[in-house]
Structure formats: C-alpha cells, structure tokens
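The values are calculated or read from the model by the stated rules, or taken from the named source; none is laboratory data. The model shown is predicted, which means the values in this text are computed figures rather than measured ones. Ideal geometry is used to build each Cβ from the backbone, glycine not excepted, and the neighbour counts take in all protein chains shown.
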Amino acid sequence: MSNQDVTTQFLRTGRDPTEGVDFAQPPGFIGELIGTSGRINRFGFFARILGATVVFVLGLLFFDGSSSRSPLSSLPFVYLGFVVSLLSVSIAVSAAIRRTHDIGWNGALGLLVLIPPIGFFFGLFLLSRRAESMTNSYGRSPVGLNVGAAMSTIGISPITQAWQRLRRKKIAMATLTIILLIYAVGILAKPLSTHSYSQTDLRHTQEGPSTGHVLGTDRIGRDIYTRVIWGVQTTVLLTIITVGTGGIILGVTLGMVAGYFGGKTDAVIMRVGEVVAAFPGILLVILIAATLRPRIVGWTREFEDWSNYPNWSPFGGLVESGFVDYLVVTIALLPFAWYGMMRLVRGQVLTIRNADYIEAARAVGVSTPRLLFSHILPNITGTIIVTASAGMGAIAGSELILSFLGIGVQPPRPSLGFMISDVSGRGTAVVSVIQQHPEQLLAPIAVIWLLIFTWSLLGDALNDVFNPRTR
C-alpha cells in the first residue's frame, strides 16, 4: 500500500489503515528461529524447550573445566560450550514463549509448562555433578592441584563461600533481584507486551496512561509500555552479547595468555590494548558504528539476495530482524569491552603462575591449555565476575548513547536511547510534551538509570565478597 493510498483511506474512513500492522516481522528461517514470524504447533513448542534444555546442560558440562566427562575440558572450547548454552536458552526458550498464542496458551501458562522439562534436565545435571564429586573423593585420586576442586572436596567451594557472604548483604540481594527482574522482562518481552511495538494508531496519539495503554501512547499512537519493555530487551541482549564475547571470551583469554606466557606475547597484547585505550572511548565507538553500519547492511542484503534459492532463504530477515543492528553495536563496543578485563586477568595470572601447585602441575606433565583452564581459571573467577558486573552498566550506557544519536538499533525496533531522542528532539514542542506527558521521557530514563545504578551497586558488593581485604 503506497503512502497516497494510506492517506486517501485515512481521510475517507477516519481510520488508520496501518493500525494493527506489525512492520517488523522478518521472513525466513531467522525470523522463525527468533520467534517473530511463522507459526508453531505444540510439538514444535515442546521441541524447542527440550532441545534448548539439552543443549544448555551439554554446554554446562563442556564449560566445567574440572569435569572428567568433558572431552574439551582442557581446551578454549569450554567458552564455546558456555556461549552455546546461553544462546540456546535465550533464543529457543524465548522463541517458544513468544509463540504460545499459536497453540492457544498465554505467556503465564507457557512459563508454567517450562518448569517440568527444565527442572528434569537440570536435575540430571546436578545429579551427574554430585556423582562425579563422590567419584573424585572416593574412587579416583587426582593430582590435587586444582585449588577449587580441593576446597570442594574438603569443604565449601570458593563460589559457594562468596554466595553465602553475598546473601548476608541486603542491599546486594535487593540489587541482584532488580537486575534479574529487568533481564527477565527483557527476555520475555513478547508475552509481557500488550501491543505490537510497531503498531500505530493515529486516532490515539499523545494520550496519557489508561487501561488500554498503561503508560500512554507516543506521537504516532504506539504503546509506550510495550516499547519500553522491548527497549529493555535490546539493552539486555547487547549487554550480554558484548560482555560475553568481548569481556569474558576475548578479555579473559588474552589476559591469561599474556600473563602466563609473558615476554613478546605479553608485550604485543599489552601494546595493542594500550593503543586502543588511548583513543577517546565514546568518540571511537560512534565513529566505528557510523562507519560500519552502511557497509554491513549492504553486505548483508547482498548475501540475502545471493542465498535466495529461489524464493526462500535460510538467512532471510537478517536486516529486518535487527540482527545487523546488534552486530554493528557489538563490533563498535568490542574494542573497549576486552581491555579492562584483560589487564585485570593478566595481573592475577602473573601473581599465581609460579605458585607451587602450578609448578607441580607442570612437573607431572599437565598440558598448557588444561593448566590455564583447569588450574588457573578457577582461581581468578572472582576477578572475572567483579569486572564483568562493572562492565555491564558501562555497556548499557554506551548502547544508550549510540541509540540516542541514531547509530545504534534502528526503528521500528525500539531502544531506550531512541525513545529518549524521539521525545527530546522535537524542538520547542518538547517542553509541552514533558509537561503534559512526562511518562514518555521518564519511563525509558528510569529503566536505564535503574539498570546502571544496580549494576554499580552489585559490582561494589561483589568486590567486597571476593576481596574481603578491600573492605
């Protein structure tokens, strides 16, 4: 339908012909995978849940570097298992929940249905860990060089001790609860939505809160509440992806390599990091995002056209689904997501690489990858957790700035930064909008402020928990 046809029909009938139309439904396999297009039956629903849970448990087994059952426990692929487990849960489970209306359920019922299969497979995982722990204690006699495993055998593991200390901090538990709620809202944005985030209604524009629209509507009749929770999903996904890839995978790996091997390897990694850190942070992020976006969009559309055989493409909808926007923002933030983590991890590795248990491990012929990921990594877990928690708030703030400037996640997909920009960029009209409908500006600002503030408080609490001497 052309713009002229839309205008003519609106003037003739008084009804917006685009009302109820969702302009962001990506076609093809990608849209079906992320749950924004296509339909599923009950078999497909349970298949997603069971498949995601199985992959999640397998990923945990691979991630457990001290597990004798993990064939990749001595390789960097332990990270791959962790990433795969997170992606399987976030994509498959979220997609299934989003499509519960296809099988006649609502989101709440879908959540209840998730409990038995996930609980069953996660229970199997816990039982396997318990059985292996008993085997290690009574049936098998390892060298005993893994400090984490040794503490688990004689008492409580370091992570359990840290959790017990954290539970005694009321403010920390309150902030952790708020963060988990915000991330749960982001992941379950579809079943929690009351409207489509791109649905417009020109008959109900600039309205205040009501029973039909909890936080009112914006200048083109879109539901603000729905757009806020979808904007939360954008922030949630970008913080997890960026910190997970840049901070944890890249930063931890490079930090352990630099600290353990030293010499020229350490010098090269440190010099590259110092060059990146010398640039003005947010300016370089803006430059990278603005420069890469048109190129990546063009390459992606060419790839979609090339892979279309003849009328169906397994990679259809990459641009429309927001995948390219996430990719651009992640690439722009990666240069600054790894350096801080790398420096701290490198410092920790330098202090323990010549410890007695490390020397003993070398003496009995433990391979370097296994030494790094099974003996050194468990002893720097606290540093990684504290640094990652501090980085989550910083990444959320950077994503807000990019979206505010219009070079982050693009419309019609909502982002908190663009919602703030959309209200504040109306010139003289912004004053009247804020006076009459302050929720349009306060809602996204309150969410992003709460997320950054709680991550900051949780980071301080985790630092006290894992480093008691700093209290």
Problem set entry | Residue that is closer than 27 Å to residue 283 by Cα and surrounded by 22 or more Cβ atoms within 10 Å (Cβ to Cβ), where the choices are 335, 414 | 414
For this session: Please tell me if residue 409 is in a loop (DSSP other than H, G, I, E, B) and either buried (at least 18 other Cβ atoms within 10 Å of the Cβ) or modelled with pLDDT under 85 (or both).
Result: yes
For this session: Having 2 or more residues that are of a type outside the set (S, T, N, Q) and more than 22 Å from the chain's Cα centre (by Cα) is the bar; report the helices (runs of 4 or more DSSP H) wholly within segment 215-308 that clear it.
Result: 253-261, 263-278, 281-307
For this session: Give the residue that is surrounded by the most Cβ atoms within 10 Å (Cβ to Cβ), with candidates limited to residues of segment 372-396 that are among the small types (Gly, Ala, Ser) and under 14 Å from the mean Cα position of the chain (by Cα).
Result: 391
Problem set entry | Filter result for residue 315 (of a type outside the set (A, V, I, L, M), crowded, with 20+ Cβ neighbours inside 10 Å and modelled with pLDDT under 80) | no
